[in-house]
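These notes concern the structure reproduced below.
The values are calculated or read from the model by the stated rules, or taken from the named source; none is laboratory data. Predicted model only: the values in this text are computed from it and were never measured. Quick reminder, even Gly has a Cβ in these numbers, built from the backbone with ideal geometry, and neighbours come from all protein chains shown.
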Amino acid sequence: MRILIIEDEAKTADFLSKGLKENGFSVDTANNGLDGLNALEQNNYDLAILDIMLPALDGWSVLSVLRSKDIQTRVLLLTARDSVEDRVKGLELGADDYLVKPFAFSELLARSRTLLRRGTATEIQKIQCADLEIDAIKHRVTRNNQRIDLTPKEFQLLLLLARRPGEVFSRTVIAEQVWDMNFDSDTNVVDVAIRRLRNKVDDPFENKLIHTIRGVGYAFEQRA
Amino acid sequence: MPLNNEHKPSSLQPLARKLALLYATTTFSVLLIASGLLYWSILDHLQKEHQSLLAAKIIELRQHFKDSSLLDKDLHDLIDAEHHHSEASHSSAIHPGIPHHIFLRIFDEQGNLLIESNSRQAIPKSLKYPVVAEQDTELIAIIKTNISHDQQFLLGTAWAATESDNSPRRLLIQGLLQLAPDETLVTDYQHTLTAVLIFGVLASAFTGFWVTRRGLRPLRQITETIQQINVHQLNEQVNSGQWPKEIALLANAFDQMLARLDQSFSRLSQFSADLAHELRTPVNNLMGSTEVALSRDRSPEEYRDILESSMEEYARIARMIDELLFLARAEDPKTEINATVFTVEHEFEVIKEFYDMLAFEQQIDITFNSNQVELYADRNLLRRVLSNLISNAMRYTKAHGSISLSASYTPNQSIKIIVADTGSGIVEELLPHIFDRFFRADKSRHYDNQGSGLGLAIVKSIMELHGGQISIYSPDQQGTQVELLFPTKIEM
């Protein structure tokens, strides 16, 4: 999967590039709009991460030129300005998604993956990770052939993490996906829920599957 | 402020001039009408005086005939003497300076002229005296005749009864009084009136100008005071209590506006100070820990620990920015909400589900009662309101306490949602500040345990976006009760 980052702020481009590479993407960067547009026209990228405030040619122009030339590369817009008009304008010009700075890298990664996956894979219904098995249809979780009883929310939480092993989920994303709370809240509800889930899924076993990425969020994977 | 000073005189004088002009025109009209009326009534009065003068003369003659019963040669003397007498005493006493030319004639029954007084001037022949019936010796008829503008006459007629040679006779007396043309009194009066008019108008224009300037002096003083006021002196009082009532009212209104401005201003600067302070702690932590970390080589675990700790600070700052942006957006009057109709019951369920695990751990009971209320609002924003309120309530409620949510219709069909807890409540002095940004009731609480201090500010701004109201009670500091009042769909 090839991603082009068009961003004039060197530090931002740097950490985005580094993070995405480490997550298995092949990444190029452009530090102004014109170079970015050229690169997009000449190469076949799967995703462009496009900043709006850019020298030479701004993000809006890059996007509209791109769409007018019928290049359907997916575009994720980045901006420091959070106004509804901007959001609407971006989507009307043909952007696929929109992120406001400051954003969590895990959030950007999740959105990028969603965009790249869009219209392809169907949700996996049976998940196996180490000795843990999840049946999404029957709502059954077993570990080491032992049945684990989870509440509906605990099950939803586990399923969310386990469907994308290794991916870091921020508390905000978890609250959004599991409880439909579409805003940042300053409670530790998510931490409590994770603790209770671990209590049932991980604590009795030596091989831990749910991991805390301090300050960022939680991830599910077999590390041992 | 030289610019403002330049404007001052030009903005003051037109009003003074205008008012002076207004005074002058008003005075002119009033004086004109008043003197016109006076002039008319004096003319009327003069004419009546002349009439009674003529009548008195005729009556005198008639009396003379009655008494002396004689048409003798003394009569000449009488007519002329009386005439002169009347001129000398009567008229000069009552109407100084008005000459009266009373011309008298006496006829017998057959119409023969018996006697007439000396005429000092030409008397038109065509004058028509009033006619009186011969038998009527009591009546005197007087009419006014205008020959021309200069020649106006009063004509009087009367019959007198007398005796001649012991037989009753009747004599016809005719009197004529010429109203003198250009009577000096009237002319004088006209002159005086004109003078009064001119002087009155000038005087009133002048006093009007003076009075207005004087009256407007407080206004000028107010202007000067206001010009002195800048951002740092918003608490200055314009109303010093020495001004007339009208100006004092203006000054008072201005003071009230200043007070409101002062409040907003200090709130704003307080907010800036608070914001800087809020940023100081995490930035200080970040700088310090990074600096210390870089001062020597460390193990990977140590680096990781420092980075993780930094990440927490970053997240805190990022959320603060998010919330401040939300507040700024909510203050923008153009911001629209995405309102739909939904049952409150479902929202209560969702929010309870979200907080249930935390509540269970803290041994707090969350209950709700929605009474089948339907609400027209932005669903996500309502969740945010409820979430912030419950999160707050949890922070101040001890184990075995409870938080209850309830919804109901008010008598006027608004929707009331109450979030009540059995927590420690709020000290009454703090209630007015509770919606301020970065306000925290418990200052001693540890930094990591605190909320952002923006939760209630966000709740309030969301209620304002809905055109609703929020109030907080803490009766006897036994728990806190937050009341949300949503208007009905039609009112929004």
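You will find that of B:266, B:272, the residue that is under 24 Å from residue B:457 (Cβ atoms), out of contact with any Cys (no Cβ under 8 Å at 6 or more places or on another chain), small (Gly, Ala, Ser) and surrounded by 12 or more Cβ atoms within 10 Å (Cβ to Cβ) is B:266 and no other.
Applying the condition of being modelled with pLDDT of 80 or more and polar (S, T, N, Q) to segment B:460-477 and asking which residue is surrounded by the fewest Cβ atoms within 10 Å (Cβ to Cβ) yields B:471.
Of all residues in segment B:23-47, those that are in the same structural domain as residue B:144 (by TED's automatic domain parsing) have Cβ atoms under 6 Å from Cβ atoms of residues that are β-branched (Val, Ile, Thr), 6 or more apart or on another chain, in B:24/B:201; B:27/B:201; B:28/B:201. Screening residue A:19 with (1) over 18 Å from the mean Cα position of the chain (by Cα); (2) surrounded by 15 or more Cβ atoms within 10 Å (Cβ to Cβ) gives one miss only, at (1).
Conditions tested, residue by residue: (1) more than 14 Å from residue A:105 (Cα to Cα); (2) part of a helix (DSSP H, G or I); (3) among the β-branched types (Val, Ile, Thr); (4) not assigned by TED's automatic domain parsing to the domain that holds residue A:70.
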{"residue": "A:8", "(1), (2), (3), (4)": "yes, no, no, no"}
{"residue": "A:11", "(1), (2), (3), (4)": "no, yes, no, no"}
{"residue": "A:14", "(1), (2), (3), (4)": "no, yes, no, no"}
{"residue": "A:19", "(1), (2), (3), (4)": "no, yes, no, no"}
{"residue": "A:24", "(1), (2), (3), (4)": "yes, no, no, no"}
{"residue": "A:34", "(1), (2), (3), (4)": "yes, yes, no, no"}
{"residue": "A:38", "(1), (2), (3), (4)": "yes, yes, no, no"}
{"residue": "A:45", "(1), (2), (3), (4)": "yes, no, no, no"}
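Against the list (1) outside any helix (DSSP H, G or I); (2) touching a Leu at 6+ places or on another chain (Cβ under 9 Å), the condition residue B:296 fails is (2).
Every residue, every condition in (1) closer than 20 Å to residue B:460 by Cβ; (2) of a type in the set (Gly, Ala, Ser), yes or no:
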residue: B:337; (1), (2): yes, no
residue: B:348; (1), (2): no, no
residue: B:362; (1), (2): no, no
residue: B:367; (1), (2): no, no
residue: B:391; (1), (2): yes, yes
residue: B:401; (1), (2): no, yes
residue: B:427; (1), (2): yes, no
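Does residue A:122 satisfy the condition of being at pLDDT below 90 and within 30 Å of residue A:138 (Cβ to Cβ)? Yes, satisfied.
Listed residues A:108, A:47; which is within 14 Å of chain B (Cβ to nearest Cβ), surrounded by 17 or more Cβ atoms within 10 Å (Cβ to Cβ), under 22 Å from the mean Cα position of the chain (by Cα) and at pLDDT 90 or above? Working first, answer last.
Values: A:47 fails: within 14 Å of chain B (Cβ to nearest Cβ).
So the residue among A:108, A:47 that is within 14 Å of chain B (Cβ to nearest Cβ), surrounded by 17 or more Cβ atoms within 10 Å (Cβ to Cβ), under 22 Å from the mean Cα position of the chain (by Cα) and at pLDDT 90 or above is A:108.
Checking the structure you have, find out if any residue of segment B:448-459 is modelled with pLDDT of 90 or more and away from every other protein chain (no Cβ under 14 Å). No, segment B:448-459 contains no residue that is modelled with pLDDT of 90 or more and away from every other protein chain (no Cβ under 14 Å). For segment A:180-224, a residue qualifies if it is without any contact (Cβ under 8 Å) to a residue 60 or more places away in the chain, among the β-branched types (Val, Ile, Thr) and more than 30 Å from residue B:438 (Cβ to Cβ), and exactly one does: A:210.
For every residue, the table says whether it meets (1) closer than 30 Å to residue B:35 by Cβ; (2) among the β-branched types (Val, Ile, Thr); (3) more than 26 Å from the chain's Cα centre (by Cα).
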site	(1), (2), (3)
B:201	yes, yes, yes
B:219	no, no, no
B:229	no, yes, no
B:244	no, no, no
B:252	no, no, no
B:256	no, no, no
B:266	no, no, yes
B:275	no, no, yes
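All told, residue B:153 falls short of being under 57 Å from the mean Cα position of the chain (by Cα) and either modelled with pLDDT of 80 or more or under 22 Å from residue B:38 (Cβ atoms) (or both).
Going by what's in this entry, would residue B:404 be described as within 10 Å of chain A (Cβ to nearest Cβ), outside any loop (DSSP other than H, G, I, E, B), in contact (Cβ under 8 Å) with a residue 12 or more places away in the chain and touching a Ser or Thr at 6+ places or on another chain (Cβ under 8 Å)?
Details: within 10 Å of chain A (Cβ to nearest Cβ): no; outside any loop (DSSP other than H, G, I, E, B): yes; in contact (Cβ under 8 Å) with a residue 12 or more places away in the chain: yes; touching a Ser or Thr at 6+ places or on another chain (Cβ under 8 Å): yes.
When the stated conditions are applied, residue B:404 does not pass them.
Scoring residue B:91 on the criteria (1) out of contact with any Ser or Thr (no Cβ under 7 Å at 6 or more places or on another chain); (2) modelled with pLDDT of 75 or more; (3) surrounded by 11 or more Cβ atoms within 10 Å (Cβ to Cβ); (4) not aromatic (Phe, Trp, Tyr) leaves a single failure, condition (2). Report yes if residue A:52 is under 21 Å from residue A:33 (Cβ atoms), in contact with a Ser or Thr (Cβ under 9 Å, 6 or more places away or on another chain) and crowded, with 17+ Cβ neighbours inside 10 Å, otherwise no. So residue A:52 passes the test.
Yes/no matrix, rows are residues, columns are (1) under 25 Å from residue A:220 (Cα atoms); (2) surrounded by fewer than 13 Cβ atoms within 10 Å (Cβ to Cβ); (3) touching a Phe, Trp or Tyr at 6+ places or on another chain (Cβ under 8 Å); (4) among the aromatic types (Phe, Trp, Tyr):
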| position | (1), (2), (3), (4) |
| --- | --- |
| A:72 | no, yes, no, no |
| A:77 | no, no, yes, no |
| A:81 | no, yes, no, no |
| A:154 | yes, no, no, no |
| A:157 | yes, no, no, no |
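Among the residues making up segment B:386-417, those that are within 52 Å of the chain's Cα centre (by Cα), within 14 Å of residue B:355 (Cβ to Cβ) and polar (S, T, N, Q) are B:387, B:388, B:391, B:392, B:404.
Which one of B:279, B:275, B:294 is more than 14 Å from every other protein chain (Cβ to nearest Cβ) and touching a residue at least 40 places away in the same chain (Cβ under 8 Å)?
Values: B:279 fails: more than 14 Å from every other protein chain (Cβ to nearest Cβ); B:294 fails: touching a residue at least 40 places away in the same chain (Cβ under 8 Å).
Exactly one residue qualifies, and that residue is B:275.
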